[in-house]
Amino acid sequence: MKYQDRILFGSDIILDNAEYKNAGWIYDRMKCDIYLYQKAEYVCDFGEKDIIHQGFNFEKTILRKLYWENPAKVFGW
């Protein structure tokens with residue numbers, strides 16, 4: 001919470017020519033990343049589907065900074 005003005009959303013997805021990395025795979029992978037920030041607990045459709053993961057459950061004001069306001073500062077939007 002202390003550094004909420006210094007973080008922004010990012011992903012470590014590596015896109016290459018692997019056949020399994022289709023639109024559905026990308027969607028499921030990104031959904032897991034977003035759930036990490038938005039939910040207290042979540043299950044991913046990607047990878048180990050039966051494990052309950054612990055998320056950050058950020059408030060909407062922090063999510064707005066993470067997804068929009070902080071990147072806008074970095075990129076000068």
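Among the residues of segment 43-53, is any part of a helix (DSSP H, G or I), among the β-branched types (Val, Ile, Thr) and more than 14 Å from the chain's Cα centre (by Cα)? Let's see the steps before the verdict.
Let us first name the residues in segment 43-53 that are part of a helix (DSSP H, G or I), namely none.
No, segment 43-53 contains no residue that is part of a helix (DSSP H, G or I), among the β-branched types (Val, Ile, Thr) and more than 14 Å from the chain's Cα centre (by Cα).
Residue count for segment 55-73, restricted to those that are open to solvent by 100 Å² or more (accessible area, probe 1.4 Å) and either in a helix (DSSP H, G or I) or over 18 Å from Ile7 (Cβ atoms) (or both): 4. Step by step: first the residues of segment 1-33, then only those that are open to solvent by less than 80 Å² (accessible area, probe 1.4 Å) and touching a residue at least 24 places away in the same chain (Cβ under 8 Å), then the one that is farthest from the chain's Cα centre (by Cα). Which residue is that? Per the stated criteria, the residue is Gln4. Give the residues of segment 34-47 that are open to solvent by less than 60 Å² (accessible area, probe 1.4 Å) and in contact with a helix residue (DSSP H, G or I) (Cβ under 6 Å, 6 or more places away or on another chain), sorted by residue number. Across segment 34-47, the qualifying residues are Tyr42, Cys44.
Output the residues belonging to segment 24-42 that are assigned to a helix (DSSP H, G or I) and of a type in the set (D, E, K, R). Reasoning before the result, please.
Our first condition is that a residue be assigned to a helix (DSSP H, G or I); within segment 24-42, this holds for 24-38.
Asp28, Arg29, Lys31, Asp33 - these are the residues of segment 24-42 that are assigned to a helix (DSSP H, G or I) and of a type in the set (D, E, K, R).
The values are calculated or read from the model by the stated rules, or taken from the named source; none is laboratory data. From a predicted model like this one, the values you see are computed outputs, not experimental measurements. Please note: Cβ atoms are built from the backbone with ideal geometry, for glycine as well, and neighbour counts cover all protein chains shown. Surface accessibility is based on the protein's heavy atoms, side chains included, excluding ligands, DNA and RNA. Shrake-Rupley method; radii C 1.70, N 1.55, O 1.52, S 1.80 Å.
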